[in-house]
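Contents: one structure, followed by commentary.
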Amino acid sequence: MIPISRYKHIKRYKEIIRVFMKYGFGLALDQLGILNYLDIKNKIIKKEGNERQLSIGERLRLALEELGPTFIKLGQIMSTRPDLLPENIINELEKLHDDAPTFSFQEVKSSIEYELGEKLEDIFTHFNKNPLGAASIAQVHLGKLKTGEQVVVKIQRPRIEKKIEEDIMILKDLAWFIDNHTKYGKLYEFSTMIGEFQNILRNELDFIVEGENAEIFKENLSKDKKIIIPTVHWDYTTRRILTLEHINGIGLNDFQSLKEANVDFKFIARKISKSIFEQILRDGIYHGDPHPGNIMILPNNNIAFLDFGMIGKLREERKKQFLKILLGITFRNSKLIVEAITGLNIINKRSDIKKLQYEIDNLRDKYIELPLNDIKLGEFFNEIFNLAFKYNLTIPNEFTMLVKTLGTMEGVVEKLDPELNILEVAEPMAKKLMLNIFSPKAIKNNLAENIFDYASLIHNFPDFILNFFRKLEDEDYNLNLKFIGTGGILKHFDKITNKISFSIALLSLSIIIAGLIVGFGMAARVGTQEYLFSLSLLKFGLVAALLMYLWLIFSIFKTGRF
């Protein structure tokens, strides 16, 4: 169990509480019990601000920005989780910017020399003292190596790791408290979420990981000569310094310069969407943040992807589910869509399964009926996430980042070419990849990959069967079989049996009456005495048959199964 570190990080705790209370979240903190637990309520509760005229989303965004890098990153990641937060808050969190004040050239120089073990002048023939840009984690400078290559150098902000680690410890402590002392913890397991956030943030702080990501993308996309990935200069790269090839192009967000350069917007839109879908569907690893600031356009309509600090990965199972959704939409196959959604394993015990299934069916029918050009993939997934939020479902992290990336890409493509629907690009790729899954080569690879499992199954199967039969021979062995739902089946069988009995009884009564009437008619021809006897017998037979029939009917209806 992890107790809240009230004394070790008390100064930062107070700062965090103060900022959230400043933006009107004091009541929420009080209801969670955090203020009483930290024993700081009476000291700072009067400092709550007057920003309540702003929306909850706006106040949350401003609070996170004021609290710095860790909370900005947390907000950016939470903006990918519409299954946990309502749409209005998500929209505000998407506006979180990562701009930060620059730090001094002297600190830049000291960091480079400490990390690389050489003097700045011995590494670069020229190094621009003014940064290209500064973010909460790092800032970027242009330089020229002694070997003549133009490079971009990314330098981690001094002492940022220590600050982030402290904030992560506080977030883990608070998550533990919420999980163990509030009803919300039972629903969402905040400790698990913060653990995943910690892994993401630590990877972003390790520039070697980012460099390796760039190398993976360079290899995966090497056959496409129109896509450029900057080369990593590993001799000048460490955990805190990343040196990359300088890509000299026009940012995708500079529309005026792109127009002046006669860029083919339609080609660029189709090429970007095709590349992203290839990364997702073919490679299973994709750029996690393809916004215009991370894409540059080079001469001859070449495209460069930048910044590989945030990437997404999809396991084969998730790739197949995504393929099913794409094919379900394009082929108008509702079964594929429902299978893919339920395959995400998002339905849990807290869900109202019947209502959820009904709404999924409605969502499916809505998009099946739309023309392909009118379907926005981002909107479709957002509606799924809205259902997840409504029914307390948790979407897998792999899928939330995927949907965020698709939404970003769809927005970029729409600005470049409003007439292009990204499903037009995805459809032929999805069909081809689905065929590849069932190709002889794929089946062969699957068999080869699981050969040891199959061999183990075959090897152990005879022993399993032998042990089973040995147990059956034991005198004290009991085999318990339970058939679920047999009660309903037996009731239904009883109803059928009773109806058959009723029909047979009715038929028998009819035969008896017919026989008595025929006998009565024959007796009338013989004589008066015989006729009177037959009449008495007929009356007695009719009464007896009627009483037996009524008794049978009463017995059947008494069971209630007719």
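The values are calculated or read from the model by the stated rules, or taken from the named source; none is laboratory data. What you see is a predicted model; the values in this text were computed from it and never measured. Glycine also receives a Cβ, built like all others from the backbone with ideal geometry; neighbour counts cover every protein chain displayed.
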When the range 360-401 is examined, which residues are found to be surrounded by fewer than 20 Cβ atoms within 10 Å (Cβ to Cβ), in a loop (DSSP other than H, G, I, E, B) and of a type in the set (A, V, I, L, M, F, W, C)? Leu370, Ile375
Would you point out which residue out of Glu210, Glu196 is surrounded by 19 or more Cβ atoms within 10 Å (Cβ to Cβ), in contact (Cβ under 8 Å) with a residue 40 or more places away in the chain and within 25 Å of the chain's Cα centre (by Cα)? Glu210
Return the total of residues in the range 285-306 being within 13 Å of Thr405 (Cβ to Cβ) and not β-branched (Val, Ile, Thr). 8
Report, by residue number, each residue of the range 113-167 that is in a loop (DSSP other than H, G, I, E, B), within 18 Å of Lys73 (Cα to Cα) and among the basic types (Lys, Arg). Arg157, Arg159
Within the range 144-177, of all residues that are touching a Leu at 6+ places or on another chain (Cβ under 8 Å) and surrounded by fewer than 20 Cβ atoms within 10 Å (Cβ to Cβ), the one farthest from Tyr13 (Cα to Cα) is Gln150
For the range 224-235, the count of residues that are assigned to a strand (DSSP E or B) and either modelled with pLDDT under 95 or small (Gly, Ala, Ser) (or both) equals 0
Would you be able to say whether some residue in the range 166-188 is touching a strand residue (DSSP E or B) at 6+ places or on another chain (Cβ under 7 Å) and not small (Gly, Ala, Ser)? no
Given the condition within 29 Å of Arg202 (Cα to Cα), out of contact with any Leu (no Cβ under 7 Å at 6 or more places or on another chain) and at pLDDT 80 or above, answer yes or no: does some residue in the range 48-55 qualify? no
When the range 69-112 is checked residue by residue, the ones that are acidic (Asp, Glu), modelled with pLDDT under 90 and assigned to a helix (DSSP H, G or I) are Glu87
